[in-house]
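J.: Pasting in a structure now, in structure tokens, and then I'll have a few things to ask.
The values are calculated or read from the model by the stated rules, or taken from the named source; none is laboratory data. None of the values given here were measured: they were computed from a predicted structure. Glycine also receives a Cβ, built like all others from the backbone with ideal geometry; neighbour counts cover every protein chain displayed. Accessible surface is based on the protein model in full, side chains and every heavy atom, while ligands, DNA and RNA are left aside. Shrake-Rupley method; radii C 1.70, N 1.55, O 1.52, S 1.80 Å.
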Amino acid sequence: MLAIYQRLDQLKQQMIVLAHDPIRAEYARLDHLFKREYNQLQQHHQNERQKRKLLRQSLTEAEQKDLDRVSQSQKRARKQLKEKWQAVLQPLEEEIRRLDRQLYDLRQEYKLQSQLLQKQLSHVSLTGEEKTLEVVYHDRDLIVVNKPSGLLSVPGRYIQSQNCVYHQLKQQLQTEEVFVVHRLDQDTSGLLLFALNLESRNNLTKAWQNHLVQKIYEALLPAPVDTDRGVIALPLAADPDRAPRQQVTMSGKPSLTTYEVLAHSPGTTRLQLQPHTGRTHQLRVHCWAHFGVPIWGDRLYGCQQGAPRLYLHARELHFPHPRSGAMLAVRQPSPF
């Protein structure tokens with residue numbers, strides 16, 4: 001597997017060199033000069049043509065023939081200019097085509113190496129013994145699993161972050177036909193939906209885009225909440241200074257969450273949260289900004305109280321079935 005990573009790195013460096021070969025910049029510079037010179041000459045000839053057109057009616061036949069000879073001479077001048085520049089540009093064009101063929105071959109190899117790496121990684125567990133994922137709903141078009149807290153939904157960028165629901169599910173189902181529809185944060189538990197064919201993936205994605213999917217979460221806050229229900233409408237954007245954190249900012253994307261208090265207990269409040277938009281960390285930032293405290297266990301947003309996990313759970317999914325269009329309601333009770 002290390003050899004594949006090394007080859008991918010070599011291919012990437014070679015592609016960068018080919019894509020930025022100095023010949024490309026030189027060709028672009030010379031081509032710009034040619035077009036500028038040709039356009040200037042053509043504009044001059046057009047102006048001369050207009051003048052000749054005005055003169056023709058008052059000239060003798062012999063004088064008109066002289067004008068025709070001038071016109072032919074100007075055509076030859078434009079042709080000669082093209083031929084002169086073509087002699088300069090054609091060798092560079094051929095060299096660029098050669099570079100592009102090499103670049104295409106490298107890209108094809110890079111794609112094949114990436115696919116090979118993905119297949120190897122899908123059968124590797126980097127965190128020890130894998131547990132079978134709990135299936136909540138399954139038919140020929142889709143599957144909904146109960147993602148445990150602490151497990152990635154999809155693979156990360158690095159070799160140590162490849163263990164995820166996506167890879168485990170493909171191994172559990174013994175198929176490559178698993179397609180990501182949406183994601184949950186690594187520390188969030190609950191319902192995670194995957195399509196099992198391309199048509200279902202496309203239909204489910206359209207349902208998401210058309211706001212036909214309803215998601216309901218449960219969370220614990222380490223503080224009392226005064227109102228029984230409410231709306232949180234705070235625009236969100238990435239915090240460039242503290243990635244991967246998000247922040248509330250007026251220049252962010254509109255974000256809407258509704259909430260309802262389910263229960264109170266000493267020092268904590270159980271909330272039902274429903275996001276109506278799908279921003280990164282939306283529920284976590286909205287709770288932190290609106291209630292003044294992060295969700296219990298959310299160390300990324302400053303929870304200092306000891307907790308074994310992030311107390312945020314995707315409890316319900318309501319969505320149209322990708323084949324029949326009938327609404328499905330899938331539920332998984334909160335584990336906390």
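J.: Sorted by mean Cβ packing within 10 Å, highest first, what order do the peptides 38-49, 161-172 take?
T.: Values: 38-49: 12.2, 161-172: 19.3.
Ranking, from highest mean packing down: 161-172, 38-49.
J.: Let me ask something additional. Seen from all sides and averaged, what is the projected area of the convex hull of the Cα atoms in the range 134-249, in nm²? Each step should come with its number before you reach the end.
T.: Details: hull surface 40.3 nm².
Quarter of the Cα hull surface area: 10.1 nm².
J.: About its Cα centre, how strong a charge dipole does the chain have in debye, to the nearest 20, once Lys and Arg get +1 and Asp and Glu get -1 at the Cβ?
T.: About 1380 debye.
J.: Ranking request for peptides 194-205, 315-326: highest mean number of other beta-carbon atoms within 10 Å first, then the rest in descending order.
T.: Output ranking for 194-205, 315-326: 194-205, 315-326.
J.: Once you place label points 7 Å from the Cα toward the Cβ at R229 and E177, how far apart are they in nm?
T.: Here the answer is 4.2 nm between the modelled labels.
J.: Find the centroid of the Cα atoms in the range 60-88 and in the range 168-196, then give the distance between the two in whole Å.
T.: What the calculation gives is 70 Å, centre to centre.
J.: Could you tell me how many degrees, from 0 to 90 and to the nearest 10, lie between the Cα long axis of helix 2-19 and the main elongation axis, the longest principal axis, of the Cα atoms of the chain?
T.: Between helix and principal axis, roughly 30 degrees.
J.: Then there is this: Provide the packing ranking of 257-263, 100-106, 56-62, i.e. peptides ordered by the mean count of other C-beta atoms within 10 Å per residue, highest first.
T.: 257-263, 100-106, 56-62
J.: Then there is this: Looking at the chain from every direction and averaging, what is the projected area of its Cα convex hull in nm²?
T.: In nm², the orientation-averaged hull projection of the chain is 28.6.
J.: Enter the accessible area per residue of the chain (Å², integer; probe 1.4 Å; all protein chains in place).
T.: That works out to 59 Å² for each residue.
J.: So, in Å, what gap is there between the alpha-carbon centers of the range 200-262 and the range 273-306?
T.: With the range 200-262 and the range 273-306 each reduced to a Cα centre, they are spaced 9 Å.
J.: With labels modelled as points extended 7 Å from the Cα through the Cβ direction, what inter-label distance (nm, one decimal) is found for Q40 paired with Q274?
T.: Calculated label separation equals 6.9 nm.
J.: Test of understanding: what is the full-extension gain from K206 to M250, defined as 0.36 nm times their sequence separation minus their Cα-Cα distance?
T.: Length gained, K206 through M250: 13.0 nm.
J.: Name the residue from S58, V178, L41 whose Cα lies farthest towards the positive end of the charge dipole of the chain, charges +1 on Cβ of Lys and Arg and -1 on Cβ of Asp and Glu.
T.: S58
J.: Can you compute the modelled spin-label distance between R78 and D239, with each label point 7 Å from Cα toward Cβ, in nm?
T.: A separation of 6.3 nm, rounded to one decimal place.
J.: Round to the nearest 0.05 the FRET efficiency obtained for A62 and L103 when R0 = 56 Å and r is the Cβ-Cβ distance.
T.: The pair A62/L103 has a calculated efficiency of 0.40.
J.: Can you tell which of L191, L273, L18 shows the greatest fluctuation in a Gaussian network model of the chain with Cα springs below 10 Å?
T.: The residue that fluctuates most here is L18.
J.: Would you mind checking the pairs K111/K206; K111/K215; K170/K253; K51/K84; K82/K111; K12/K79 and listing those with alpha carbons more than 32 angstrom apart?
T.: K111/K215; K170/K253; K82/K111; K12/K79
J.: Still on this structure, please answer the following. Just subtract the alpha-carbon distance of V135 and K12 from 0.36 nm times their residue separation and send over the number in nm, one decimal. Working shown, then result.
T.: Numbers: separation 123, 0.36 × 123 = 44.28 nm, distance 3.91 nm.
Fully extending the segment from V135 to K12 adds 40.4 nm.
J.: Give me the net charge of G306's neighbourhood, meaning all other residues with Cβ under 13 Å from the Cβ of G306; Lys, Arg count +1, Asp, Glu -1.
T.: +1
J.: Count the net charge of all other residues whose Cβ sits under 13 Å from the Cβ of R315, scoring Lys and Arg as +1 and Asp and Glu as -1.
T.: Local charge sum for R315: +1.
J.: Let me ask something else about it. Equivalent-ellipsoid semi-axes (√(5λ), Cα gyration tensor) for the range 6-110, whole Å, largest first?
T.: Working from the Cα gyration tensor, I get semi-axes of 50, 11, 9 Å.
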